[in-house]
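Encoded as structure tokens, the structure appears first; notes follow it.
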Amino acid sequence: MMNITAAYTDLYQLTMAQVYFSTKRRESAIFDYYFRNNPFKSGYSIFAGLEDVLDILETLEFTSSDISYLKQHGFEDDFLEYLKNFRFKGTIYSSKEGDVVFPNRPILQVEATIIEAQIIETLLLNILNFQTLIATKACRIRQSAKDKVLLDMGLRRAHATGGYYASRAAAIGGFDSTSNVKAAEDYNISCSGTMAHSFIQSYEDELKAFRDFARIRPKNCVLLIDTYNTLKSGLPNAITVAKEMEREGEQLLGIRLDSGDLAYLSKKVRVILDESNLEYVKIVASNQLDEYVIKSLKEQGAPIDIFGVGTNLVTGKPDAALDGVYKLSEYNGESRIKLSESINKVSLPCKKQVYRMLDANGMFYGADAVALYTEDKITYMEHPFDSTKSLEIDSFKKESLLEKVMENGKRIVPSRSVSEITEYSQSRLKQLPNEYKRFQNPHVYKIGLSTPLKQERDILIQKHKF
């Protein structure tokens, strides 16, 4: 994991923290992390980034270099002394990483002093928003690819070091492997790669380039065949090398197509490979792939075994960002609310729990209920703003979604590997009915409020209304 200090924040977090400190405000606060819309017009999102957040928070501190820099920005000496000894000592309740989540319900809650909670805001939003965005994109691509192999090849097109975390999130979303060596090493993700056109261009002869590559790297060897002419040059040379490898007791793993009409070329290549008794050689395709292109290729019957996805995955195209927010819901034991002329931007007060309704078969019913943390029994789930709509939920099996994962700044749940999170995420997706997974006009997952929570929110709306 990258080395991150507490200075990985926005300046306004620290200017607010100085005012809290100078006015001796150390009261407890509760903040909710949630997002307002699913990305990509999807019917769901995949929550990712929690493990990284917990690992960072356990050791988060301001370095001496950080303190020296902040001194130049006019922060008072006594506040800088406080920052020298800063450690996050709060409590975090969270959905499980890898879970299927939906807009406008708490995904994570931070309970800490107002200063601590404010200082970690930017870090938390930065990691959770990005990884959730990319994990969701990866999951949609996995839906299109079905059982085909998916390779993350996006590091060179990523937003600088965001590519590091993108590779982790892609694996959680269902990708099999990454070309990103550092992320693969740190997160124990399978690492794969082929070759670039420049390797072949550096030779006077394409066949010689292929032969050298296969001789030095005979295991998992994939040859890029579109540098000059896919069908007249690249493929015949790859077949020559494949036959030579067979005589040495090796097998060519695959060929890669990186340009042209991928459906047409993959069909032609498959026929020629099979006619050459090279049925085992796989076809890898890359070049601006996403969930829609892969879906189209499969519908056209393109015999592609491995999809290498880059730019559109790691940049979260076309959305580029998740609109996750971090809102104060309680301060010093009193409810707080953020009002807005836009209804969907009105926040929810109080400490809360979220419950998921399950049907008799263990499938998600299509509704999550947000309730006060202290509620023992929830009978009705009410529409957040339409008083005519409610749902009787007493008979449903309910699953509480927010669990305590950190207390006094220390993780209290076992660390989970990327593969464990991926496996959990896939199991949760199986519980989500297909109508929420559609690419076009997916069902909207309902989010409702318990009656006591709605009443508390409405009281605050009236109290602060102008």
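The values are calculated or read from the model by the stated rules, or taken from the named source; none is laboratory data. Small disclaimer: the values here were computed from a predicted structure and weren't measured. Cβ placement follows ideal geometry from the backbone for every residue including glycine, while neighbour counts extend to all protein chains displayed. Side chains included, ligands, DNA and RNA excluded: accessible areas come from the protein's heavy atoms. Shrake-Rupley method; radii C 1.70, N 1.55, O 1.52, S 1.80 Å.
Please work out the FRET efficiency for the pair Glu375 and Ser340, using the Cβ-Cβ distance as r and a Förster radius of 25 Å; give the result to the nearest 0.05. Please list the in-between numbers first.
Numbers: r = 26 Å, r/R0 = 1.04.
Efficiency, rounded to the nearest 0.05: 0.45.
Return, for the Cα atoms of segment 302-411, the radius of gyration and Dmax in Å, separated by a comma.
19.3, 61
Name the long-range amide H neighbours of Ala196: under 5 Å, sequence gap of 5 or more, or other chain; modelled H, no Pro or chain starts.
Here nothing satisfies the definition.
Given contacts defined as C-alpha pairs under 8 Å and at least six residues apart, what's the relative contact order of segment 279-429, whole-number percent? Don't skip to the end; give the middle numbers.
Values: 158 pairs, mean separation 19.3, N = 151.
This gives 13 percent for segment 279-429.
Find which of Pro39, Val110, Leu54 sits farthest along the positive direction of the dipole of segment 4-137, computed with +1 on the beta-carbon of Lys and Arg, -1 on that of Asp and Glu, about the Cα centre.
Selected residue: Pro39.
At a probe radius of 1.4 Å, what is the per-residue accessible area of Asp394, in Å² to the nearest 10?
70
Write down the accessible area per residue of the chain in Å², having rolled a 1.4 Å probe over the full set of protein chains.
46
Picking from Ala184, Asn344, Ile255, whose Cα lies most toward the positive end of the charge dipole for the chain (charges on Cβ: Lys, Arg +1; Asp, Glu -1)?
Asn344
Which residues' amide hydrogens lie under 5 Å from the amide hydrogen of Arg25, considering only partners 5 or more residues apart or on another chain, with H built in the peptide plane?
The answer is none.
Given the pairs Lys96/Lys298; Lys345/Lys430; Lys137/Lys219; Lys148/Lys345; Lys41/Lys298, which span a C-alpha to C-alpha distance of over 29 angstrom in this model? Present the calculation step by step, with values, prior to reporting the outcome.
Details: Lys96/Lys298 33 Å; Lys345/Lys430 31 Å; Lys137/Lys219 31 Å; Lys148/Lys345 40 Å; Lys41/Lys298 22 Å.
Going by Cα-Cα distance, Lys96/Lys298; Lys345/Lys430; Lys137/Lys219; Lys148/Lys345 fall outside the 29 Å limit.
For the pair Thr388/Lys146, report the inter-label distance in nm, with labels modelled 7 Å from Cα in the Cβ direction.
4.4
Just the number, please: percent antiparallel of the DSSP beta bridges in the chain, rounded to the nearest 5.
Bridges in the chain that DSSP calls antiparallel: roughly 65 percent.
Say R0 is 60 Å: what FRET efficiency, to the nearest 0.05, do Glu279 and Glu407 get from their beta-carbon distance?
Details: r = 57 Å, r/R0 = 0.94.
In this case the efficiency is close to 0.60.
Between Glu185 and Lys232, 0.36 nm times their residue separation minus their Cα-Cα distance comes to what?
Extra length available between Glu185 and Lys232 comes to 13.1 nm.
Under 8 Å for C-alpha pairs, at least 6 residues apart: give me the relative contact order for the chain, rounded to a whole percent.
On the way: 903 pairs, mean separation 98.4, N = 466.
For the chain, the relative contact order is 21 percent.
Under the definition of Cα pairs under 8 Å and six or more residues apart, what whole-number percent is the relative contact order of segment 159-216? Don't jump to the answer; show the numbers that get you there.
Working: 37 pairs, mean separation 12.6, N = 58.
Relative contact order comes out at 22 percent.
Using a probe of 1.4 angstrom, how much of the accessible area of the chain is carbon and sulfur, in percent?
49
The list (i) 26.5; (ii) 19.8; (iii) 21.0 gives values of mean projected area of the Cα convex hull in nm², and only one came from this structure; which label was calculated from it?
Answer by label: (i).
In whole angstrom, how far apart do the alpha carbon centroids of segment 245-272 and segment 209-231 sit?
Here the answer is 10 Å between Cα centres.
Expressed as a fraction of 2.2 N^0.38 Å, the rule-of-thumb size for a compact globular protein of N residues, what is the C-alpha radius of gyration of segment 403-466?
1.79
Under a 5 Å amide H to amide H cut-off, with H placed in plane at 1.01 Å, what residues pair with Tyr228 once short-range neighbours are removed?
Gly234
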